[in-house]
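Following: one structure in C-alpha cells, then a few remarks.
The values are calculated or read from the model by the stated rules, or taken from the named source; none is laboratory data. All of these numbers come straight from a predicted model, not from anything done at the bench. Calculation scope for accessible area: heavy atoms of the full protein, side chains included, ligands and nucleic acids excluded. Shrake-Rupley method; radii C 1.70, N 1.55, O 1.52, S 1.80 Å.
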Amino acid sequence: MVFKKKMDKPAAAAERTFSKAQLLAAKRFSGVEKDILHVALADGTAYTAAQAEQALQSFIQRGVKEHG
C-alpha cells in the first residue's frame, strides 16, 4: 500500500514578490500611501504585499524630528 504525503506549499513560494514599481502602480494603495512607499522601499528589491504594508506602517509610526 502506498501512502501519499500531503504536500503543503512552502511559505516562501506561496507569496508573490513585486518590484517597487509594481507596488507603486498597484490599485491596492492610495496616492498618499504610494508617496510613502516611494520613500520607504528600496529600488531593485522585491517585496511581498505584506512586506510593503509593513514598510508603510513602520514609516507612518516613525516620529518627526524637530530641529531648533
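Counting every Cα pair in the range 18-68, what percent are over 12 Å apart? Within the range 18-68, distances greater than 12 Å cover 62 percent of Cα pairs. Length gained on full extension, Q54 to K27: 8.0 nm, using 0.36 nm per residue less the C-alpha separation.
Sorted by accessible area with a 1.4 angstrom probe, largest first, how do H67, H38 fall?
Values: H67 175, H38 110 Å².
Greatest to least solvent exposure: H67, H38.
In order along the range 27-41, the Karplus-derived 3J(HN,Hα) couplings, from 6.51 cos²θ - 1.76 cosθ + 1.60 at θ = phi - 60°, round to 6, 5, 10, 6, x, 5, 5, 5, 4, 5, 4, 4, 7, 7, 9 Hz, and Gly and Pro are given as x. Amide H to amide H, with H built 1.01 Å from N, T48 comes under 5 Å of F18, counting only residues 5 or more places away or on other chains.
Exposure check, 1.4 Å probe, all protein chains in place: V64 carries approximately 130 Å² of accessible surface.
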